[in-house]
Structures are given as C-alpha cells and as structure tokens.
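The values are calculated or read from the model by the stated rules, or taken from the named source; none is laboratory data. Just so you know, these numbers come straight off a predicted model, no measurement behind them. No Cβ is skipped: glycine too gets one built from the backbone with ideal geometry, and neighbour counts run over all protein chains shown. Ligands, DNA and RNA are excluded from the accessible area calculation, which covers all protein heavy atoms including side chains. Shrake-Rupley method; radii C 1.70, N 1.55, O 1.52, S 1.80 Å.
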Amino acid sequence: MKRGITEHNFLLTVDKPVGVTSHDVVNQLRAEYGEGRIGHMGTLDPMASGLLMVGVGQAARLNKFLTGHDKTYVVTASFGKATNTYDSEGTVTEEVEVPENFNIDVDKLKGKHKQKPPAFSAVKVNGKPAYVDARKGKNPDLPERDIEVYDSNLRSRKDNDFCIEVSVSSGTYIRSLIHDLGQKLGVPAYVKTLHRSKIGDVSKCGKLNPVEVLGYKTIEADTDMYKRVLCGQEINSDIKDEYFSIVYDNKLIAIYKNNKPVSVFDKGIDL
C-alpha cells in the first residue's frame, strides 16, 4: 500500500528489539499500516530493548505532550572497563582489575543529580547531534541537566555485572548514570545491556488509551461542542491554566488550554 493518509489514528507501545533503531521500528510500522504519519515518543538506543511509544496517524502529533514521562529501566552495569560510548558498542578506553571485595550500594543512586549526557548522543550542539563530532574524535561540550532517580534496586549480580532496576525522570541517560557511578566508586563501568520496562504508568505492549496516558482532565463533548472544536473555536469550561482533553464518540478530538485549542484531531484518535 502506498504511504499516505489512512484511517489509522491510535497510540500504542511496541517492544523494540536489540540491534534496530527507533526509526527502524517507525519505518516497519509505516510499511505495515500504509501510513506515513508515524512517530515515536522517546528514542531508545540500538543496543537497548524495551517499550517504545508510537503514535500512528494523527496520534503522531501527541509527541510534544508525551515525551516527558518518567521511565523505568533494567540495566546491566559491568564494572572494570569504560568505553567511549558508555555502553557495550563502544571502544574500551579504560580497564582496571576489580577489587575482590568490590560491591555497590544502589540506594546511593537515588535522589536529584546533575548529569552530563554522553558525547555519543543525539543531544544537539550548535544545531547538530553531539555524536557527529564524537565520531570524529572530538569532545562536544554538553551542558549538565537536572535529573532524578526515584528508585533503584539491585536485582542480581554475576561476577562484576550488576543487574539494577532504576526509575528515573525524563531526560535521564542511563549510560551516563552508570558511567558516573563507576567514576565515583573509582572502578570504571559501562552499560552492558539495557531494557526499558515502563513509560509513565505503561508497562505492556499494545494499543493505548491516549486520554489515560496523557492524564489530563477530560470533557465529554456534545454535538454542538464537537462542531465548535473541529472549527478551532473557543469553548466554555471551568478548567484553567492546564491542558485538558476533549472526547467525542469514543475518540480524542482535541487538547485545549484556557478554553483555546492547542491541538485538534479532526479524524479523532481511538480510545
């Protein structure tokens, strides 16, 4: 089927396998649904697996509302080596013998931190992704960002590989988190495996209710309001200074703020 505009308008999560990019997943879905308007909400590195939230059709426009969710990951942190990418795909830059009595206290990961993203990342520097310069052997100057680790638990240990589950704020780089932990402990570390197990409250693959995922207050529109919304007109409500969803005929038809439209979905996004 030729790519174009279809009647597919919905939000879903898929389980991205290791070895493919997030954009690869989008391309596969475009071919499957014959729909060019598909986008993901939050990139996963090729070496990582796990949940990837995807908007199909008009749901792709939810991107700007859904990239700020907290995330949960299961990461294997391997101690004794460091790599230039902070993960298993990079070149080893440091290697030390791990002390026999070496251990980690994952509770110390919890809390608010300043974090610098990895040089091999898609963070823009002077209008281009940092990894462009990093691949040329340059060290891009990336600003620190505020992140928070809400919870961390040690799941298992095998030799110098520690399997840790962490729940973090949006924008947190797990690669940097593990690299920085190694630096603090004086034993270099890198991410050996990484799996994203939760996005916000979503922990399973499949079709999602966009209203529940957005988490905004919701108004059920009658026919008159539905017509006004489709025309991009203001409406009357008591919801002030925050986004709210408008639903009609079991579809998300708009997101409003201060009674004015922010995004209108004339085809409606399936609930």
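Points worth noting:
- Members of region 176-194 found to be assigned to a strand (DSSP E or B) and over 21 Å from the mean Cα position of the chain (by Cα), listed by number: Ala189
- Qualifying residues in region 67-83 (those that are crowded, with 20+ Cβ neighbours inside 10 Å and either among the charged types (D, E, K, R) or at pLDDT below 95 (or both)) - the one farthest from Val18 (Cα to Cα): Lys81
- Subset of region 23-66 that is in a loop (DSSP other than H, G, I, E, B) and at positive phi - its residue that is most open to solvent (accessible area, probe 1.4 Å): Gly42
- Whenever a residue of region 158-175 is under 19 Å from Ser88 (Cβ atoms) and part of a loop (DSSP other than H, G, I, E, B), its partners that are open to solvent by 20 Å² or more (accessible area, probe 1.4 Å) and of a type in the set (Val, Ile, Thr), lying with C-beta atoms within less than 7 angstrom and at least six residues away or across chains, give the pairs Asn160/Val98.
- Complete set of residues in region 67-101 that are touching a residue at least 60 places away in the same chain (Cβ under 8 Å), out of contact with any Pro (no Cβ under 8 Å at 6 or more places or on another chain) and not in a strand (DSSP E or B): Thr67, Gly68, His69, Asp70, Ser88, Gly90, Val98, Pro99
- Meets criteria (part of a helix (DSSP H, G or I) and surrounded by 12 or more Cβ atoms within 10 Å (Cβ to Cβ)) for Tyr131: yes
- The listed residues are Val191, Val168, Val213, and the only one of them that is at pLDDT 95 or above, touching a Gly at 6+ places or on another chain (Cβ under 7 Å) and surrounded by 15 or more Cβ atoms within 10 Å (Cβ to Cβ) turns out to be Val213.
- Per-region count, region 112-149, residues over 23 Å from Lys71 (Cβ atoms) and touching a strand residue (DSSP E or B) at 6+ places or on another chain (Cβ under 9 Å): 4
- Any hit, region 217-236, residues being touching a Ser or Thr at 6+ places or on another chain (Cβ under 7 Å) and among the aliphatic types (A, V, I, L, M): yes
- Candidates are the residues of region 205-233 that are within 18 Å of the chain's Cα centre (by Cα) and part of a strand (DSSP E or B); the one that is farthest from Arg61 (Cα to Cα) is Gly206.
- Unique match (being basic (Lys, Arg) and exposed (fewer than 13 other Cβ atoms within 10 Å of the Cβ)) among Lys240, Lys257, Lys251, Lys267: Lys240
- Counting residues in region 24-35 that are acidic (Asp, Glu), more than 16 Å from the chain's Cα centre (by Cα) and at pLDDT below 95 gives one or more.
- Within region 90-109, the only residue that satisfies the criterion of being of a type outside the set (A, V, I, L, M, F, W, C), open to solvent by less than 80 Å² (accessible area, probe 1.4 Å) and either farther than 14 Å from Gly182 by Cα or within 22 Å of the chain's Cα centre (by Cα) (or both) is Gly90.
- Candidates Gly268, Gly206, Gly200 - the one that is at pLDDT below 95, under 29 Å from Lys16 (Cα atoms) and either out of contact with any strand residue (DSSP E or B) (no Cβ under 7 Å at 6 or more places or on another chain) or not aromatic (Phe, Trp, Tyr) (or both): Gly200
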